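Colleague: I'd like to ask you about the structure that follows.
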Amino acid sequence: MASFSVTNSEFETRQIHAGQIPDPTTGARALPLYQTTAYQFRDTKHAADLFGLAELGNIYTRIMNPTQDAVEQRIASLEGGVAALLVASGSAATTFAVLNVAEAGDHIVSSPSLYGGTYNLFHYTLPKFGVEVTFVENPDDPESWKKAI
């Protein structure tokens, strides 16, 4: 049987198959749900390499999980990206995104018309990290944005 690659497959095929290969032992096509919290290490060097990020692999399920990895690969394939990241909520995604582009000393200019969790992140949390946030007075007025910058 010829090997199957989804890399150049149609969108519909990638929706079903991207990020997951058939189980080499059973041949099962369906992605299993790995309901585990921890993983076994081959030896102490293997554990040290994983925790030192010298080797990619499973350490703890909240960091990486085979089921989550397959879904992330599938989403990246569907969106044409190189990678994807699943998080537990929209607030987690917003926080993750902002903390990866803003650092102490940065200044964010924002509309005050935000989801409540995002407003709280900007108004209360980011200043604790040294990120200044200015909310424009009138988000519909371009001059308010210029003034805030």
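Colleague: Could you check, for region 81-94, whether at least one of its residues is surrounded by 14 or more Cβ atoms within 10 Å (Cβ to Cβ) and of a type outside the set (Gly, Ala, Ser)?
Modeller: Within region 81-94, one or more residues are surrounded by 14 or more Cβ atoms within 10 Å (Cβ to Cβ) and of a type outside the set (Gly, Ala, Ser).
Colleague: Within region 103-128, count every residue that is touching a helix residue (DSSP H, G or I) at 6+ places or on another chain (Cβ under 8 Å) and farther than 16 Å from residue 91 by Cβ.
Modeller: 3
Colleague: Of all residues in region 98-148, which are assigned to a helix (DSSP H, G or I) and of a type in the set (A, V, I, L, M, F, W, C)?
Modeller: Within region 98-148, 98, 99, 101, 121, 122, 126, 145, 148 meet the criteria.
Colleague: Right, something else. Of the numbered conditions (1) outside any helix (DSSP H, G or I); (2) surrounded by fewer than 12 Cβ atoms within 10 Å (Cβ to Cβ), residue 12 fails exactly one; give the number of that condition.
Modeller: Going through (1) outside any helix (DSSP H, G or I); (2) surrounded by fewer than 12 Cβ atoms within 10 Å (Cβ to Cβ) one by one, residue 12 breaks only (1).
Colleague: Which one of these is basic (Lys, Arg) and either part of a helix (DSSP H, G or I) or at pLDDT 90 or above (or both): 42, 29, 62?
Modeller: Only one candidate qualifies: 42.
Colleague: Also, I was wondering about something else. Is it the case that region 77-85 has a residue that's more than 30 Å from residue 123 (Cβ to Cβ), in contact (Cβ under 8 Å) with a residue 40 or more places away in the chain and either in a helix (DSSP H, G or I) or of a type in the set (Gly, Ala, Ser) (or both)?
Modeller: yes
Colleague: Within region 118-131, is there a residue that is outside the structural domain of residue 68 (by TED's automatic domain parsing), loosely packed, with under 15 Cβ neighbours inside 10 Å, farther than 30 Å from residue 71 by Cα and touching a Gly at 6+ places or on another chain (Cβ under 8 Å)?
Modeller: Yes; the residues of region 118-131 include at least one that is outside the structural domain of residue 68 (by TED's automatic domain parsing), loosely packed, with under 15 Cβ neighbours inside 10 Å, farther than 30 Å from residue 71 by Cα and touching a Gly at 6+ places or on another chain (Cβ under 8 Å).
The values are calculated or read from the model by the stated rules, or taken from the named source; none is laboratory data. If you're wondering where the values come from, they're calculated on a predicted model, not measured in any experiment. Neighbour counts run over all protein chains shown; Cβ positions are idealised from the backbone, glycine included.
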